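None of the figures in this text is laboratory data; all of them are computed from the coordinates on show. Just so you know, these numbers come straight off a predicted model, no measurement behind them. As a convention, Cβ positions derive from the backbone with ideal geometry for all residues, glycine included, and neighbour counts pool all protein chains shown.
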Amino acid sequence: MIEPRTHRAPRGRFVEGLASLGSLAGAGLLILVALAVGSLIPASDENIEHRQRPYAVQGGVGDARSTDKLDIRVAGVRGAGKIKDDDRTHDTGGVWIIVKVRVATRTEAGLIPYAAARDRHGRIYELSSRIEQSLNGRMLQPGIPLTGELVFEVPKDAATDLTVLFADNSLDRRMDRQVEIALPTVDKATVDRWLADAATTLIDTEVSTA
Amino acid sequence: MSWWRRNWWGLLALLPVLALALGQDAKEVRDRARENPTDPTVPIVTPLASWVGYGGGEVRMLVLKEATGLTGYGGEPFALPGGVRAWRATLEFRDPDEKLGGCQVFLLDGAGRRFEPDPAELRGAKKSYGSCSPAFDAAPAPTFRNDFFFVMPSGTRPAAVGLSLATQHPNYVRLVPAG
């Protein structure tokens with residue numbers, strides 16, 4: 001038995017026009033949705049500084065790390081309530097954090113462009129300008145590492161958990177490499193002991209190539 | 001009707017959207033690539049003792065050797081820090097119009113690392129400070145000589161002395177020692 005061939009009446013021009021219009025509207029709607037979703041992506045991350053943050057090269061005390069310009073190794077850290085450089089004693093309402101570091105430039109002579117300490121809340125402390133620092137402003141020659149101390153003055157509550165930062169640009173560090181050395185965490189009792197210590201901590205005002 | 005024919009207008013509309021989306025990043029990439037476009041990168045290679053014209057003056061290197069026997073200002077022997085050797089370059093200038101006065105002189109090793117003159121490692125040593133100008137008290141003369149002192153890590157040898165003027169970048173003079 002032969003099955004009768006199915007037969008469909010041709011669609012009218014009106015129906016075809018409607019379908020075409022619907023397809024066009026659908027595509028346009030999809031584009032609008034894509035644009036809307038795209039516009040929401042940056043809005044979901046309101047802090048542009050966070051999105052363009054430096055690329056962290058993390059390490060700890062004793063680890064050798066590098067930016068494009070510097071080779072860095074933090075050798076140790078100590079804290080104090082009172083420090084002395086060449087001939088003056090310096091008190092503080094916070095805590096002095098003294099970081100021993102070995103640093104060299106890689107390809108050309110230059111200064112340490114940026115060194116800072118960051119606490120667990122993200123607050124940034126730059127090198128103290130209250131004292132003469134042997135490595136701050138010291139011209140480093142490539143391949144000749146110098147060991148010296150970097151001194152930060154931080155609030156008492158920040159001293160327990162600090163990370164030292166090094167970068168190649170003091171002003172614009174967006175999306176650039178940044179060495180982040182986590183200092184050993186200390187408890188509040190240790191910070192109190194630093195502050196209670198009546199002795200003055202002597203700062204190493206010279207650098208050495210040792 | 002194929003998918004491409006149906007959607008050609010949408011694909012076309014994507015181009016300006018992409019340009020808008022990526023334009024800012026492209027600008028940043030380009031700016032980064034152009035960072036310090038006037039660095040001294042094109043050497044004018046000049047052998048030892050040969051004069052070379054540069055920036056309106058002329059210069060040549062007479063000596064590039066290890067600086068031994070440095071003393072302090074009291075005449076006492078000057079001790080270099082460990083792991084470091086000092087080097088001296090003597091340059092002669094023919095610069096009647098003082099066009100080279102603002103030049104920068106630097107030492108390069110085989111790896112292209114750049115060392116600056118008068119480093120802190122030589123603080124306390126009795127030596128002249130490198131300059132491309134004649135000494136203030138020098139009698140007028142057709143040429144003058146100045147010494148430039150550098151330090152390098154022990155075990156590293158100089159490959160050349162560079163001399164550059166910002167107005168002449170990217171060209172710089174690369175003075176190479178004999179051998």
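Relative to the dominant Cα principal axis of chain B, helix B:3-33 is inclined by about 10°.
The label-point distance for residue B:76 and residue B:123, in a model that sets each label 7 Å from Cα toward Cβ, rounds to 1.7 nm. Listed by chain and number, the aspartates and glutamates whose alpha-carbon sits under 12 Å from that of residue B:65, ignoring those within fewer than 8 places in the same chain, are B:147. Principal-axis analysis of the Cα atoms of chain A puts helix A:13-44 at an angle of about 10° to the longest axis.
What the Cβ-Cβ distance of residue B:97 and residue B:41 gives, at R0 = 41 Å and to the nearest 0.05, is a FRET efficiency of 0.95.
Across the residues of A:158-167, average count of Cβ atoms on other protein chains within 10 Å?
0
Counting every other Cβ atom within 10 Å of each residue's Cβ, A:175, B:61, B:152 order from fewest to most as A:175, B:152, B:61. The dipole here belongs to segment A:38-93: it is taken about the Cα centre, uses +1 on the Cβ of Lys and Arg and -1 on the Cβ of Asp and Glu, and is about 180 debye. The charge dipole of segment B:42-175, taken about its Cα centre with unit charges on the Cβ atoms of Lys, Arg (+1), Asp and Glu (-1) only, comes to about 360 debye.
What ranking do A:112, A:124 get, fewest neighbouring Cβ atoms within 10 angstrom at the top?
Ascending Cβ contact count within 10 Å gives the list A:124, A:112.
From least to most packed, judged by other beta carbons within 10 angstrom and beginning with the fewest, A:187, A:87 follow the order A:87, A:187.
Cβ-Cβ distance of residue A:120 and residue A:14, R₀ of 56 Å, FRET efficiency by 1/(1 + (r/R0)^6): the value works out to about 0.20. Stretching the chain fully between residue B:139 and residue B:12 yields a gain of 38.3 nm (0.36 nm per residue, less the alpha carbon separation). Averaged over the residues of A:19-29, the number of partner chain Cβ atoms lying within 10 Å of the residue Cβ comes to 1. Sort segment A:12-51 into rounded, prolate or oblate with this rule: let a ≥ b ≥ c be the square roots of the eigenvalues of the Cα gyration tensor; rounded if a/c is under 1.5, and if a/c is not under 1.5, prolate when a/b is larger than b/c, oblate otherwise. Cα axes put segment A:12-51 in the prolate bin.
Counting 0.36 nm for each residue step from residue A:21 to residue A:41 and taking away their Cα separation leaves a gain of 4.2 nm. With a Cα cut-off of under 29 Å and a minimum spacing of 8 residues unless on different chains, the lysine pairs in chain A number 10.
Where a ≥ b ≥ c are the square roots of the eigenvalues of the C-alpha gyration tensor, would you call chain B rounded, which needs a/c under 1.5, or, failing that, prolate if a/b is larger than b/c, or oblate? Since a/c reaches 1.5 and a/b is larger than b/c, the shape of chain B is classed as prolate. Averaged over the residues of A:141-150, the number of partner chain Cβ atoms lying within 10 Å of the residue Cβ comes to 5. Dividing the radius of gyration of the alpha carbons in chain A by their Kirkwood radius gives 1.44 for Rg/Rh.
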